[in-house]
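The values are calculated or read from the model by the stated rules, or taken from the named source; none is laboratory data. Predicted, not measured: the structure shown is a model, and the values here were computed from it. Virtual Cβ from ideal backbone geometry, glycine too; neighbours counted across all protein chains shown. For accessibility, only protein heavy atoms count, side chains too; no ligands or nucleic acids. Shrake-Rupley method; radii C 1.70, N 1.55, O 1.52, S 1.80 Å.
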Amino acid sequence: MEKLKPLLTRTVWMLVLSLVHAAAQADSEKGLTDPFPEKIPASDIVVALEPFVSLPRMKDSSTANMATKARARIQYLVPVGDGSGRLAINDSRGVLYLVNADGSGLTKYLDLRDKGLSFDDSMFVNETGLAAVAFHPDFARPGTPGYGRFYTAFSAKSGTGKTDYLSDDAASHDSVIQEWQTDNPVAGVFNGTSREVFRIGQFAPNHNIGTMAFNPHEPGLLYVCLGDGGAAFDPRDYGQDLSAPHGAIIRINPLADGEDRYSVPADNPFINDEAIALEIWAYGLRHPQHFSWDSDGTLYISDIGQDQVEEVNIGKAGANYGWRLREGTFKTAFAVPGARSGPVFPLDGIDDGFTYPVAEYDHDEGKAIGSGYVYEGEAIPALQGRFVFADIVAGRIFAIGTGDLQPGERAPIEEIQVRINGTLQPLIDVVGYPNTYAPGDRADARLGIDDTGELYVLTKGDGVVRKIVPAGP
């Protein structure tokens, strides 16, 4: 399909950027008080959110560390990809569910808590646990190396396995990628074997593994995003430290290669530099909790900001997205001598070796960018060719056009209006529950996708998955 054309040329964008930054009344010591004074407008596009499936209520393993009263900590909804239309949903408390394409037949497929893996989410139940799932593209193809195999990422007690990186900086836990091989790919409950693929130490309980996904344009290669190791303001500077793959997206072949638990593709961008973790595909990211490809092979990365800016990036092999020296198209205090952490500061220019976002918004509009996909389904023609994404906390659904996106050129964002239970209303008004990170409520909203490219909204507070459908007349 033909993609939408951007509204701003590079020259016009740089002029707008300079005017906006000036209007924000920055000074060299205090930084910007409001990075983007302009407000995100409402789109003419209206969609409805239709109940699809409700997940069972689960209890947290701990009531400490800012635990919330989420019914189900549902993180991702992804296709199994076996031709059945089945979808997988992970509850970060440790359970992986399968559901049919029509929302029926929800089953508990796998419970990591009873598999002897030292699974542990008690250190920070909001962000640790069963983090992600990815099915090998050959999952349903007998006779292929990936037959019956899928992968999960989860939090484990430190020191309970062979650490590939940072065994000496794992005060909180280890983040682990585990391979599972089922005896029967069409079964509704897992039965089979597993082995560990990858493990990295985490000094803090937040900013763990986010999305894992096989690139549909590179069969068999698994991409995994890892946060900067946790805490705030990247205290270890892992975002710019290439010796370990925190604050990065890694690219591996997860199938065992002889005695090696996985292999690194020969065309990874840093394969010839022994000082760099060879798995790294791109870096300089803070908490890239989600990424996805469109049908043309473009990779979209959603990176959660610190105090000011949320951003959408285009994936590029070897790219440095700037964290912790950059947050969006701004400097951080770590790039401004004598400045205090928190505010952001105007750039002198974008031609400085970093790769900048194609879209960004500030914390007047939301607090944490979540999952996003280029809509290539059929149900809502007005959304086709747009990158649709959600703010986790605010529960707002945004979209940008995808024609000729260029790093450093801020694409205009619109808010997609939603109708719930027949009423046009903010999602957070329906699903919001008390936020333990800050005052007020949070929606805890994320997007999922099915085999046909249709999108879903997942909300943790009520544990419901809703399908995005036409709003009707």
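Here are some notes:
- Solvent-accessible ranking of ASP237, ASP404, largest area first, probe 1.4 Å: ASP404, ASP237
- Estimated at the nearest 10 Å², the accessible area of LYS115 is 90 Å² with a 1.4 Å probe.
- Segment 287-328 and segment 409-473 have their alpha-carbon centroids 21 Å apart.
- The chain: C-alpha pair distances exceeding 33 Å, %: 32
- Convex hull of segment 194-261 built on C-alpha atoms - directionally averaged projected area, nm²: 5.7
- Phi-based couplings in Hz for segment 105-116 (Karplus 6.51, -1.76, 1.60; Gly and Pro marked x): x, 4, 9, 7, 7, 8, 10, 5, 5, 10, 10, x
- Average projection area in nm² (convex hull over Cα atoms of segment 269-407, one quarter of hull surface): 9.8
- Mean residue ellipticity (222 nm) of the chain, computed from DSSP H runs ≥ 4 via -39,500 (n - 2.57), nearest 500: -1000 deg cm²/dmol
- Each peptide in 175-188, 223-236 receives the mean, over its residues, of other Cβ atoms within 10 Å, and ordering these scores from highest gives 223-236, 175-188.
- Of all DSSP beta bridges confined to segment 360-439, the antiparallel ones make up roughly 100%.
- For the chain, the dipole from Cβ point charges (+1 on Lys and Arg, -1 on Asp and Glu) about the Cα centre works out to 1180 debye, to the nearest 20.
- Segment 73-223: equivalent-ellipsoid semi-axes (sqrt of 5 x gyration tensor eigenvalues, Cα, Å): 26, 17, 13
- Each label point was placed 7 Å from the Cα along the Cα-to-Cβ direction; for SER295 and SER84 their separation is 2.6 nm.
- When you filter the GluC sites (Glu not before Pro) in segment 357-465 for DSSP loop state and at most 13 other Cβ atoms inside 10 Å of their Cβ, you are left with GLU378.
- Globularity index of segment 231-341, i.e. its alpha-carbon radius of gyration over 2.2 N^0.38 Å: 1.15
- Remark: the ARG340-VAL469 segment gains 41.9 nm on full extension, using 0.36 nm per residue and subtracting the alpha carbon distance.
- Remark: spin-label model distance ASP267-ASN100 equals 4.2 nm, labels positioned 7 Å along the Cα→Cβ axis.
- For peptides 129-135, 45-51, sequence by mean Cβ density within 10 Å, most packed first: 129-135, 45-51
- Taking only the C-alpha atoms of segment 158-291, Rg followed by Dmax gives 15.1, 45 Å.
- Counting only the Cα atoms, segment 418-472 fills a convex hull of 80 Å³ per residue.
- Here the chain carries DSSP beta bridges of which approximately 95% are antiparallel, counting only pairs with both residues inside.
- Protection proxy ranking of 248-260, 77-89, by the mean of other Cβ atoms within 10 Å over each peptide's residues and highest first, is 77-89, 248-260.
- Between the C-alpha center of segment 131-145 and that of segment 239-280 there is a gap of 21 Å.
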